[in-house]
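Reviewing the structure listed below.
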Ligand SMILES: [Fe+2]
Ligand SMILES: [Fe+2]
């Protein structure tokens, strides 16, 4: 299946999920990208270089899934474990054809200017150091503010102090010059930043994008989300593989199977907004913590709905979460609206329920009877799942369980 998409929009919107990792300091990636782009422009870089810089800088912290890691990076000018997220980010980007050329640069985005090995290409050094400089300017801004003139002067003094040890002198000079304009700082506020990116995204072309490319992008984001929960590694990837096979058993077209697989890979994007402490908590959750867990479905579909061409994927996810997470009174409201759960959402429910049951279980602890119970419950919710199909799905899941059929991993 082919999609008509603006790839600038796809990257911009999906990195919104990465920005959630900051919890109380969201949009770090976007601000770093804006700062880098403006410094590059001030240095007279050509448009193609600036566009590449913008995409890389938006993705620069894709190796960060945990809120604690984000906080350490933002609160310290330099941090001894910083290289871990650079290496992880570089590996993730390598798996996506349109991002793989960013990998070498992202691997070096916390490397000090005076520590680059002599054999590293000059252009790679400058790109990486510009992202590093922009990232640190934003980290200083979040820590000390940049509203008053003495706060802006303080940020300039720190950057000057660590040049040329951390930063390239010509990048530092371009920043200092730029930072004397009020406009530069005003754009770091949430609304102006949104308009700034809207203009850039709208200049992107609509392209014909094959499913394989979207799957690699979706798998990269699924990996980022799954890294948040070490106890259930590859959850989204396993669900995606199960869901696709179940969709085939339901005789859905290849295009519909593609949509379900993508929905499964993207389904947990909103989880990045949940603080690690809540996800790791072994005692009961407070009301506020439960609200944070419950809104992940809402956040996921809000992200995906912003991508023109992803409407149906967002709709599948929205139906799925409404059914899985809604309290009974909300369900009766939905029933009044005569909302049927689409088959695609039911498939996602079966795959997720099965994976959840499977997680932490052995084939002794999940029995054929339990599989039948899961399917019976789900069938009553879905008006479109035929009984024959139900039997095919049950035998597939039992076979999966008994023979240990491995789901297909993409990375
Ligand atoms: Fe970073
Ligand atoms: Fe960063």
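Please treat every number below as a calculation from the coordinates, not as lab data. Just so we're clear, the structure is a prediction, and the values are computed from it rather than from any experiment. In this analysis, Cβ positions are derived from the backbone assuming ideal geometry, glycine residues included, and neighbour counts consider all displayed protein chains.
Note on residue 398/residue 289: beta-carbon distance plugged into 1/(1 + (r/R0)^6) with R0 of 41 Å gives a FRET efficiency of 0.65.
Highest first, please rank the peptides 58-68, 97-107 by the mean number of other Cβ atoms sitting within 10 Å of their residues. If you can, show how the numbers build up before the last one.
Numbers: 58-68: 23.5, 97-107: 18.9.
Top of the packing list down: 58-68, 97-107.
In the chain, the longest principal axis of the Cα atoms and the axis of helix 149-161 are about 80 degrees apart.
Distance between the modelled labels on residue 190 and residue 391, one decimal in nanometres: 5.6 nm (7 Å Cα→Cβ projection). Using 0.36 nm per residue and subtracting the Cα-Cα separation, the extra length available between residue 165 and residue 142 on full extension is 6.0 nm.
Between the Cα long axis of helix 387-403 and the first principal axis of the chain there is an angle of about 70°, rounded to the nearest 10.
Against the main long axis of the alpha-carbon atoms of the chain, helix 28-42 sits at an angle near 40°. When the square roots of the Cα gyration tensor eigenvalues are ordered a ≥ b ≥ c, the ratio a/c for the range 66-210 is 1.5 or more and a/b does not exceed b/c, which makes its shape oblate. Hey, with R₀ at 22 Å, roughly what FRET efficiency would residue 101 and residue 183 work out to, going by the Cβ-Cβ distance, to 0.05? Here the calculated transfer efficiency is 0.10.
Rank-order 9-21, 188-200 by packing density, defined as the average count of other C-beta atoms within 10 Å over each peptide's residues, highest first. Display every interim value, and only then the final one.
Values: 9-21: 22.3, 188-200: 13.4.
Order by mean packing, descending: 9-21, 188-200.
The Cα center of the range 177-216 and the Cα center of the range 11-45 differ in position by 8 Å. Once the C-beta distance of residue 280 and residue 42 is scaled by a Förster radius of 45 Å, the resulting FRET efficiency is 0.55 to the nearest 0.05.
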